[in-house]
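Structure first, then comments.
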Amino acid sequence: MKKVLSFVLVLAMILGSVSLAFAQSFPDTEGTDYDEAARLLTELGVISGYDDGAFKPENNITRAEFAAMMIRALGFQVAGSSAVTKFSDVPATYWASTYIKYASELGIIYGYNDGTFRPKNNITNDEAIAMLVRALGYKDRKSTRLISS
């Protein structure tokens with residue numbers, strides 16, 4: 001499933017239209033239905049693409065990438081590139097450690113029962129929806145929480 005594409009399209013619809021005159025265009029999205037959405041999210045600072053300048057819309061999105069996008073979409077400015085998290089598998093030097101720390105502190109993400117976050121795992125639909133709902137301000141019912149995110 002193309003989770004990145006779905007996320008881009010949903011955020012583009014939510015955020016409305018913004019002038020895209022100077023927004024970055026990705027070579028692998030030019031001429032596609034989601035080129036404008038990718039450029040909008042770049043302009044808003046939610047996404048930045050990969051180091052090689054590509055967007056890679058066919059890639060699955062990882063839990064770490066989604067946590068970073070959630071924090072950016074909420075408008076939080078993350079200071080520093082490293083932070084100590086409560087997750088045993090997220091070292092302070094990991095590229096997304098600061099995003100993961102803030103998302104955890106805000107209650108947007110949870111780890112697994114073994115104390116890990118599994119940042120490189122592909123995010124599932126259930127996890128992505130749970131994070132989006134929490135980012136919108138809804139809280140879990142602890143007695144009915146069935147999924148980790």
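The values are calculated or read from the model by the stated rules, or taken from the named source; none is laboratory data. Quick caveat: nothing in here was measured; it's all calculated off a predicted structure. A quick note on method: Cβ atoms are made from the backbone with ideal geometry, for glycine too, and the neighbour counts reach across all protein chains shown. SASA here: full protein model, heavy atoms, side chains in, ligands and nucleic acids out. Shrake-Rupley method; radii C 1.70, N 1.55, O 1.52, S 1.80 Å.
Top to bottom by accessible area (1.4 Å), largest first, where do 48, 104, 88 land?
Values: 48 75, 104 20, 88 95 Å².
Largest accessible area first, the list is 88, 48, 104.
What is the ratio of the Cα radius of gyration of segment 54-100 to 2.2 N^0.38 Å, with N the residue count, to two decimals?
Details: Rg = 11.5 Å, N = 47, 2.2 N^0.38 = 9.5 Å.
Against the empirical 2.2 N^0.38 Å value, I get 1.21 for segment 54-100.
Based on alpha-carbon atoms only, what is the radius of gyration of segment 77-142 relative to the globular estimate 2.2 N^0.38 Å? All intermediate terms of the calculation are to be shown ahead of the outcome.
Numbers: Rg = 11.9 Å, N = 66, 2.2 N^0.38 = 10.8 Å.
Here the Cα radius of gyration is 1.10 times the empirical estimate.
Kindly report, to the nearest 10 Å², the accessible surface of residue 30 as traced by a 1.4 Å probe over protein heavy atoms only.
For residue 30, the solvent-accessible surface is approximately 120 Å².
Please work out the Kirkwood hydrodynamic radius for segment 21-145, using every pair of different C-alpha atoms, and report it in angstroms with one decimal place. Let's see the in-between values first.
Details: mean 1/r = 0.0645 Å⁻¹.
Kirkwood radius, segment 21-145: 15.5 Å.
Please compute the net charge surrounding residue 30, taking Lys and Arg as +1 and Asp and Glu as -1 over other residues with Cβ under 11 Å from its Cβ.
On the way: positive: 39; negative: 28, 35, 36.
Overall, the nearby charge balance is -2.
In nm, give the distance between the simple-model label positions of residue 124 and residue 77, each being 7 Å from the Cα along the Cα-to-Cβ direction.
3.8
Taking a cut-off of 13 Å between Cα atoms, list the aspartates and glutamates near residue 120, but don't count ones fewer than 8 places away on the same chain.
Residue 120 reaches 65, 89.
Note the per residue figure in Å³ for the convex hull of the C-alpha positions in segment 21-68.
Numbers: hull volume 3.9 nm³, N = 48.
Per residue, the Cα convex hull of segment 21-68 comes to 82 Å³.
Rounded to a whole number, what % of the accessible area of segment 33-149 do carbon and sulfur atoms account for, probe 1.4 Å?
Working: 3160 of 6370 Å².
Whole-percent figure for carbon plus sulfur exposure: 50.
With a probe of 1.4 Å, find how much accessible area segment 61-131 has per residue, and write the answer as a whole number in Å². Display every interim value, and only then the final one.
Working: 3390 Å² over 71 residues.
Averaged over the residues of segment 61-131, the accessible area is 48 Å².
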